[in-house]
1. Just the residues that are closer than 13 Å to Leu198 by Cα, within 11 Å of the ligand (Cβ to nearest atom) and open to solvent by less than 10 Å² (accessible area, probe 1.4 Å), please, taken from segment 12-36.
2. So which residues in segment 253-262 are open to solvent by 20 Å² or more (accessible area, probe 1.4 Å), under 23 Å from Gly280 (Cα atoms) and within 16 Å of the ligand (Cβ to nearest atom), if there are any at all?
3. Of the numbered conditions (1) hydroxyl-bearing (Ser, Thr, Tyr); (2) crowded, with 24+ Cβ neighbours inside 10 Å; (3) within 18 Å of Leu148 (Cα to Cα), Ser377 satisfies every one except a single condition; which is it?
4. Counting only residues that are outside any helix (DSSP H, G or I) and in contact (Cβ under 8 Å) with a residue 60 or more places away in the chain, how many does segment 273-289 have?
5. I'm told Ser99 meets every condition in (1) modelled with pLDDT under 95; (2) within 15 Å of the ligand (Cβ to nearest atom) except one. Can you identify the failing condition by its number?
6. Taking the residues in segment 129-143 that are among the hydroxyl-bearing types (Ser, Thr, Tyr) and either closer than 14 Å to Leu112 by Cβ or open to solvent by 30 Å² or more (accessible area, probe 1.4 Å) (or both) as candidates, determine which candidate is farthest from the chain's Cα centre (by Cα).
7. Answer yes or no as to whether Pro172 is out of contact with any Phe, Trp or Tyr (no Cβ under 8 Å at 6 or more places or on another chain) and at pLDDT below 95.
Amino acid sequence: MRDNFNTSFGVLVAMAGSAIGLGNLWRFPYLMGTNGGAAFIIIYLVLVFLLCLPIMMSEFVVGRRAQTNAVRAFKVLSPKGRWGIIGILGVLASVALISFYCVVGGWTIDYLVHSVTFSLPDRGSSEGFFAAAVSSPGRTLLYTYIFLALTALVLLAGIKDGIERYTKIMMPLLFLTIIIIAVRSVTLPGSGAGLDFLFNPDFSKVTANTFLDALGQAFFSLSIGCATILTYGSYVKKNEKIVKMSSLTAISDTFFAILAGLAIMPAVFAFGISPSEGPGLLFVVLPDIFDQIAGGGIVAVLFFFVLFIAAITSSISLLEVFVTFLIEECRMKRRSAVLASSGVCLVLCTLCALSGGVLSDVRILGRTFFDLFDMVSANFLMPMCGLLVVVFVGWKMKREAFVDELSNGGTLKNRALYNTIFYIVRYIAPIVIAVIMVFGWL
Ligand code: PFF
């Protein structure tokens with residue numbers, strides 16, 4: 001018997017765990033603030049719900065209908081075609097992404113350890129501290145490997161007893177913790193400027209780039225294009241509601257992103273620092289701030305805990321794509337599949353981890369390994385996989401089959417909605433993804 005998720009809540013936390021990740025913390029708040037605040041949120045919500053959600057549901061439908069791994073799923077649904085290539089792209093995308101995601105996950109453990117032992121850098125020395133964390137080979141490899149090993153440990157226990165069990169504990173804690181940090185942040189004197197930055201609607205800041213940025217962010221944040229939703233979908237029971245589950249995932253992901261904004265930006269502005277994004281914001285700017293606020297030591301522990309949980313629940317979903325593939329296509333036991341997939345990732349993670357130090361001069365296409373994997377997954381593999389999934393669902397799979405899956409074999413009556421979703425997938429989604437891809441390349 002194939003393992004599966006036991007409860008609806010289990011499916012939801014696993015999917016939300018995949019969606020909520022570093023992207024919500026290091027990019028969304030900055031994008032929101034620099035693209036017109038509330039104006040950006042409106043655009044983002046429209047794009048998430050009208051476009052990205054149907055794409056996500058397509059992956060979900062393929063996985064749940066076929067009840068097998070990413071590569072075989074397409075073969076099951078279209079035995080004569082060569083659509084299995086989509087699954088291969090998905091597996092490659094997830095492996096490429098996890099290779100550098102684990103490195104950043106490693107930094108979160110490094111900082112968590114330092115915050116628990118109250119040995120984070122003092123104000124002014126954060127930059128040097130981060131440079132040392134990134135470039136010292138022993139230190140970065142140690143934490144990267146620990147992060148990967150923890151990911152693998154959860155997967156060893158399987159879907160129900162591993163992923164479902166642990167994400168059920170981690171996700172509520174994640175929300176609770178970010179709320180505590182947000183409250184601390186907005187109650188700092190001078191935090192108003194940060195709230196202004198985040199929410200003040202300013203339509204004059206909305207440009208064509210705003211739409212592209214919002215779309216790219218929505219795509220990445222909802223974990224589309226790595227076959228993770230497909231793989232999780234394949235473990236979901238036939239009576240779960242796909243539209244509802246996917247919508248709830250998108251709602252929690254967006255809600256968390258806004259909470260992340262509240263946790264970060266008011267504090268940044270309260271100290272008169274100009275807003276930024278990326279690792280520099282999380283690992284340099286924020287430690288500086290924690291050093292200056294009352295109770296900052298505890299906030300730091302909570303914050304790096306949030307980063308760690310957000311990162312690991314995403315990496316769990318990424319590694320499971322490869323694990324499920326190995327179990328079913330190479331007839332491995334789960335244990336061997338987890339070991340083999342982690343072994344491959346270990347090698348790739350090592351290259352990415354050393355990119356900040358000893359391998360920093362090794363360049364491929366002008367990029368370090370870390371940047372290369374980032375670029376290949378975000379600009380090529382993910383959009384390509386996403387594009388082919390919607391083309392497959394919109395043009396190859398019959399509309400009846402799609403509607404049948406969304407309506408749980410006709411038991412849910414909302415045909416008009418299901419048909420609309422289908423037509424978005426068929427006509428609009430491919431064009432939009434192609435646009436993101438082309439602009440990503442430019
Ligand atoms: N959604 C994650 C984030 O926002 O950080 C990243 C991600 C995880 C993308 C899993 C794709 C994926 F399959």
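The values are calculated or read from the model by the stated rules, or taken from the named source; none is laboratory data. Every value quoted in this text rests on a predicted model; they were computed, and no experiment measured them. Note: ideal-geometry Cβ built from the backbone for every residue, glycine included; neighbour counts use all protein chains shown. Just so you know, the surface numbers come from the protein's heavy atoms only, side chains and all, with ligands and any DNA or RNA stripped out. Shrake-Rupley method; radii C 1.70, N 1.55, O 1.52, S 1.80 Å.
1. Filtering segment 12-36 down to residues closer than 13 Å to Leu198 by Cα leaves 27-36.
Those left that are additionally within 11 Å of the ligand (Cβ to nearest atom): 27-28.
Within segment 12-36, just Phe28 meets the criteria.
2. Restricting attention to segment 253-262, the residues satisfying the condition of being open to solvent by 20 Å² or more (accessible area, probe 1.4 Å) are 255, 258, 262.
Add one more test, that the residue is under 23 Å from Gly280 (Cα atoms), and what stays is 258, 262.
Correct list: Ile258 only.
3. (3)
4. The number of residues fulfilling the criteria is 3.
5. Result: Ser99 fails condition (1) only.
6. Ser136
7. Against the criterion (out of contact with any Phe, Trp or Tyr (no Cβ under 8 Å at 6 or more places or on another chain) and at pLDDT below 95), Pro172 does not qualify.
Residues are listed down the side, and each one gets a yes or a no for (1) within 18 Å of Val71 (Cα to Cα); (2) more than 16 Å from the ligand (Cβ to nearest atom):
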site: Ala300; (1), (2): no, yes
site: Phe305; (1), (2): no, yes
site: Phe308; (1), (2): no, no
site: Leu318; (1), (2): yes, no
site: Thr324; (1), (2): yes, no
site: Glu329; (1), (2): yes, yes
site: Arg335; (1), (2): no, yes
site: Val344; (1), (2): no, yes
site: Val358; (1), (2): no, yes
